[in-house]
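What follows is a short report on a single structure.
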Amino acid sequence: MAEARRESGVSNDKDRQLDPMRTDSDRQLTTNTGVRVDDTDNSLSVGDRGPTLMEDFHFREKITHFDHERIPERVVHARGAGAYGYFHPYESMSRYTRAAFLSDPAEHTPVFVRFSTVAGSRGSADTVRDVRGFATKFYTREGNFDLVGNNMPVFFIQDGIKFPDFVHAVKPEPHNEIPQAQSAHDTLWDFVGLQPETTHMMMWLMSDRAIPRSFRMMQGFGVHTFRLVNEHGQGTFVKFHWKPLLGTHSLVWDECQKIAGKDPDYNRRDLWEAIERGQYPEWELGFQLVPESDEHSFDFDLLDPTKIIPEELVPVTPVGRLVLNRNPDNFFAETEQIAFHTANVVPGIDFTNDPLLQARNFSYLDTQLIRLGGPNFQQIPVNRPVAEVHNNQRDGFGQQRVHRGQTSYFPNSLGGGCPYLASVEEGAYQHYQERVDGAKIRRRSPSFADHYSQATLFYNSMSPWEKQHLTAAFRFELGKCEHMHVRERVVHNLNHVDHTLAREVATGIGVQPPVEEAVPNHGRSSPALSQANTAMDSIFSRQIAVLVADGVVAGPVLELRQALEKEGALVELLAPTDGSVRGVDGDTVEVDRALTTMASVLYDAVVVPGGVNSVETLLGDGYAVHFVTEAFKHAKPVAGIGEGVDLLARLPLPGVRLADGTNGVVSDRGVVSTRGGASDAFNREFTDLLAHHRVWDRETDAVPA
Ligand code: HDE
């Protein structure tokens, strides 16, 4: 299995490096010291019913290992999923950076990417409202470069010294460890209300970005302004962007909460299965480039991580392509033990004085020391660079290498001066020679003072349905706060973002709506921020449920299935019980899953085919009725073929016009119906709806599901 997976992936330097470290267990059982074992079910005891003997080294070793099998989970981003792949640039970026992996389109650099949620513990559900981590390790031939980003382009705080406060506020409350993986509780919103610099990020967190449909359908951002440096030592500011090929798509909140129970591994499973199927996720790397001479030409500070550079001001230059094409062999060894660090940079990539980035450059190495048990964690297979490593660091827990020679210091003559230094021309890292001077002060830069303009920009850029989701999210989250003054303070802040938003939120949470606007809305927007403008041209890997029972008219279903699968979609037949159903013509139709094991929230769309008996059975099945109604409620495409339309007609689908026998294919409010077969016109209409992901203007609370 692992072999098959590996063969499906592109073999590269990292893959080849890992190969000798991979091990299969298709051999005789042994102890850790290689002694063969003939019984691992019974401990060594005195007679049949006597005490267990300390002498039983196999027992002791087995239990001891087990006792120590957990390492501390990440203090944030504990829950994640990862995969290997590769990156290549479209063309050389050497004008801006001397980084070798960005200079040659023919060079494919191996990568490992780990996606994560932030607040929840390792076993928490995937579909919580949260930021998603998007951390990429590039195993370049000049050393590892880690781009440790998120799926949102800004952050909660401006200075890293506040990170423990923020994390303590968002994590489960310390007295009772409630709630798990939720931002909807008093301490977070207490902090947020008192810390207006969080406002812009809270808009993102309350938006649909916080509930992605798939890791494969998320953007990624480096967040901070970094610096590229070319071979002449010239710097250019840069913001890193990842754009998913499949577009940026989200779930709906009600759906998220249900998936958290139905399939807590929803996003993790989605990534794993897509890669196993060979439907490799892809992103485009993009740069927003700002010449140093323009450092001060914006109305915000480039060093302030609570700000974006609107794409209308600085467009995103396409740079290269990231493909994830191989699942890890072992979750713990690879996904759990991978150690990212913002300070893992290669020549040509450098930092700025963003105070959040500076703090991160300390934190990540520090955290790995406790999490991975000592200073040799870079030798763990997943962390090892493909570039050669030579230095004088010999000792410490878990040293894996056997360094030879008498010397482990520099300079030396006894070891022939090795390892010796490299010049910059030979590829040594040289820090950007930025001139800095100033007094030591503990003060936030006045250029970081505007906490609202870009929150307003974000709000103004949302489509009507996105605004509605945003308001609903604020109401939900604040509605979970026990303390009225906590709610009030957030509304007060929101009134600096947009008066209507503040009033709408206030009305939903029992807070007195503000009477006057705090500041006038500046009216500017940035269309690139709205998910309404994302790619909607593909149904690749979308999942469609077809509900069937005995008596189904199978022909049109199979045709539809073929048409959808041709476009890369996945179609599953669900019936009241597993196995197969009998088609109306007596044919046997294989079923993929029993309805009771699944739920509409695990699919992107639902189809009800024809067949009088099939439809009668489904109508009498609460799961089936709920399935379709719920899919409708969650704004998903719904389709009825033949008598399947009768089933739709019996459900509370407000205001939907259905095919009536004479009018061919009817498509109304995201419901496609036809009394005939699944014609080309029908298939096209359904495919188009699917590509658009959801029919947002149809979302309705009136549907009881
Ligand atoms: Fe992190 N962050 N972070 N963070 N972060 C960690 O490192 C930290 C921040 C991000 O899949 C920790 O190995 C500080 C911004 C990701 O393994 C820790 C500050 C962004 C991941 C840490 C920040 C991130 C982490 C926990 C404020 C987006 C998961 C375990 C100064 C640009 C990486 C670990 C993975 C993980 C510290 C802020 C992204 C403790 C102090 C901003 C994707 O080192």
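The values are calculated or read from the model by the stated rules, or taken from the named source; none is laboratory data. As the structure is a computational prediction, the values presented were derived from the model and not from experiment. Here the Cβ positions follow ideal geometry from the backbone for every residue, glycine too, while neighbour counts run over all protein chains shown. Surface accessibility is based on the protein's heavy atoms, side chains included, excluding ligands, DNA and RNA. Shrake-Rupley method; radii C 1.70, N 1.55, O 1.52, S 1.80 Å.
Under the condition of being surrounded by 16 or more Cβ atoms within 10 Å (Cβ to Cβ) and either within 21 Å of the chain's Cα centre (by Cα) or not hydrophobic (A, V, I, L, M, F, W, C) (or both), the residues counted in the stretch 168-194 number 13. When Thr248, Thr236 are checked against the criterion of being more than 16 Å from the ligand (Cβ to nearest atom), closer than 28 Å to Asn533 by Cβ and assigned to a loop (DSSP other than H, G, I, E, B), a single residue qualifies: Thr248. Here Gln279 meets each of (1) open to solvent by 30 Å² or more (accessible area, probe 1.4 Å); (2) touching a residue at least 12 places away in the same chain (Cβ under 8 Å) with one exception, condition (1).
For the stretch 37-61, a residue qualifies if it is open to solvent by 70 Å² or more (accessible area, probe 1.4 Å) and either within 23 Å of Gln368 (Cβ to Cβ) or assigned to a strand (DSSP E or B) (or both), and exactly one does: Thr52.
Could you list, in sequence order, the residues of the stretch 330-360 that are among the acidic types (Asp, Glu) and part of a loop (DSSP other than H, G, I, E, B)? Hit for the stretch 330-360 is Asp354, nothing else.
The set of residues in the stretch 670-702 that are crowded, with 17+ Cβ neighbours inside 10 Å, over 26 Å from the mean Cα position of the chain (by Cα) and within 29 Å of Ser463 (Cα to Cα) comprises Gly670, Val671, Val672, Ser673, Phe682, Asn683, Glu685, Phe686, Arg698.
Residues checked against (1) within 13 Å of the ligand (Cβ to nearest atom); (2) crowded, with 21+ Cβ neighbours inside 10 Å; (3) more than 24 Å from Arg360 (Cβ to Cβ):
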site	(1), (2), (3)
Thr306	yes, yes, no
Glu311	no, no, yes
Pro315	no, no, yes
Asn325	no, no, yes
Asn330	no, no, yes
Ile338	yes, yes, no
Ala343	yes, no, no
Val346	no, yes, no
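In the set Gly415, Gly373, only one residue is without any contact (Cβ under 8 Å) to a residue 60 or more places away in the chain and over 17 Å from Glu142 (Cβ atoms); that residue is Gly415.
Looking across the stretch 362-378, the residues that are part of a helix (DSSP H, G or I), more than 9 Å from the ligand (Cβ to nearest atom) and either out of contact with any helix residue (DSSP H, G or I) (no Cβ under 6 Å at 6 or more places or on another chain) or of a type in the set (Ser, Thr, Tyr) (or both) come down to Leu369, Ile370, Gln378.
Got a sec? Which of Ala359, Ala387 is within 13 Å of the ligand (Cβ to nearest atom) and either modelled with pLDDT of 95 or more or open to solvent by 40 Å² or more (accessible area, probe 1.4 Å) (or both)?
Numbers: Ala387 fails: within 13 Å of the ligand (Cβ to nearest atom).
Answer to the check: Ala359.
Selection of first residues in the stretch 8-27 that are modelled with pLDDT of 95 or more and of second residues that are of a type in the set (Asp, Glu) and surrounded by 15 or more Cβ atoms within 10 Å (Cβ to Cβ), restricted to Cβ pairs under 7 Å at least 6 apart or on distinct chains, gives the following pairs, ordered by first then second residue: Arg22/Asp329.
Applying a threshold of 8 Å to beta carbon distances and a minimum spacing of six or more residues, or different chains, the list of pairs starting in the stretch 518-540 at a residue that is at positive phi and ending at one that is at pLDDT 95 or above and in a helix (DSSP H, G or I) reads Gly523/Asn460. Evaluated against (1) surrounded by 21 or more Cβ atoms within 10 Å (Cβ to Cβ); (2) over 19 Å from Ala81 (Cβ atoms), Val113 falls short on exactly one condition, (2).
Restricting to the stretch 523-560, what's the tally of residues that are part of a helix (DSSP H, G or I) and either open to solvent by less than 60 Å² (accessible area, probe 1.4 Å) or in contact with a strand residue (DSSP E or B) (Cβ under 6 Å, 6 or more places away or on another chain) (or both)? Spell out how you get there, then give the answer.
In the first step, residues of the stretch 523-560 are kept if they are part of a helix (DSSP H, G or I); the result is 527-529, 531-533, 554-560.
Subsequent filtering for residues that are either open to solvent by less than 60 Å² (accessible area, probe 1.4 Å) or in contact with a strand residue (DSSP E or B) (Cβ under 6 Å, 6 or more places away or on another chain) (or both) retains 528-529, 531-532, 554-557, 560.
Qualifying residue count for the region: 9.
Summed over the stretch 561-601, the residues that are of a type outside the set (S, T, N, Q), open to solvent by 20 Å² or more (accessible area, probe 1.4 Å) and outside any loop (DSSP other than H, G, I, E, B) give a count of 9.
For the stretch 127-145, filtered to residues that are more than 14 Å from the ligand (Cβ to nearest atom) and more than 15 Å from Pro89 (Cβ to Cβ), the residue that is surrounded by the fewest Cβ atoms within 10 Å (Cβ to Cβ) is Gly143. When you look at Thr64, is it surrounded by 14 or more Cβ atoms within 10 Å (Cβ to Cβ), of a type in the set (S, T, N, Q) and away from the ligand (no atom under 16 Å from the Cβ), yes or no? Criteria not met by Thr64. Within the stretch 85-101, if we keep just the residues that are within 20 Å of Gln219 (Cα to Cα) and open to solvent by less than 10 Å² (accessible area, probe 1.4 Å), the residue that is farthest from the ligand (Cβ to nearest atom) turns out to be Pro89.
When you look at Met218, is it of a type in the set (A, V, I, L, M) and either away from the ligand (no atom under 13 Å from the Cβ) or surrounded by fewer than 24 Cβ atoms within 10 Å (Cβ to Cβ) (or both), yes or no? Step through it out loud before you land on a result.
On the way: of a type in the set (A, V, I, L, M): yes; either away from the ligand (no atom under 13 Å from the Cβ) or surrounded by fewer than 24 Cβ atoms within 10 Å (Cβ to Cβ) (or both): no.
For Met218, the condition - of a type in the set (A, V, I, L, M) and either away from the ligand (no atom under 13 Å from the Cβ) or surrounded by fewer than 24 Cβ atoms within 10 Å (Cβ to Cβ) (or both) - is not met.
Hey, among the residues in the stretch 460-488 that are of a type outside the set (A, V, I, L, M, F, W, C) and touching a helix residue (DSSP H, G or I) at 6+ places or on another chain (Cβ under 6 Å), which one's farthest from Val695 (Cα to Cα)? First the steps, then the outcome.
Going residue by residue through the stretch 460-488, those that are of a type outside the set (A, V, I, L, M, F, W, C) are 460-461, 463-464, 466-469, 471, 475, 477, 479-480, 482-483, 485, 487-488.
Now narrow it down to the ones that are touching a helix residue (DSSP H, G or I) at 6+ places or on another chain (Cβ under 6 Å): 461, 463, 469, 471, 475, 482-483, 487.
On the way: Ser461: 19, Ser463: 13, His469: 14, Thr471: 19, Arg475: 23, Glu482: 35, His483: 36, Arg487: 32 Å.
Ranking the candidates gives His483 first.
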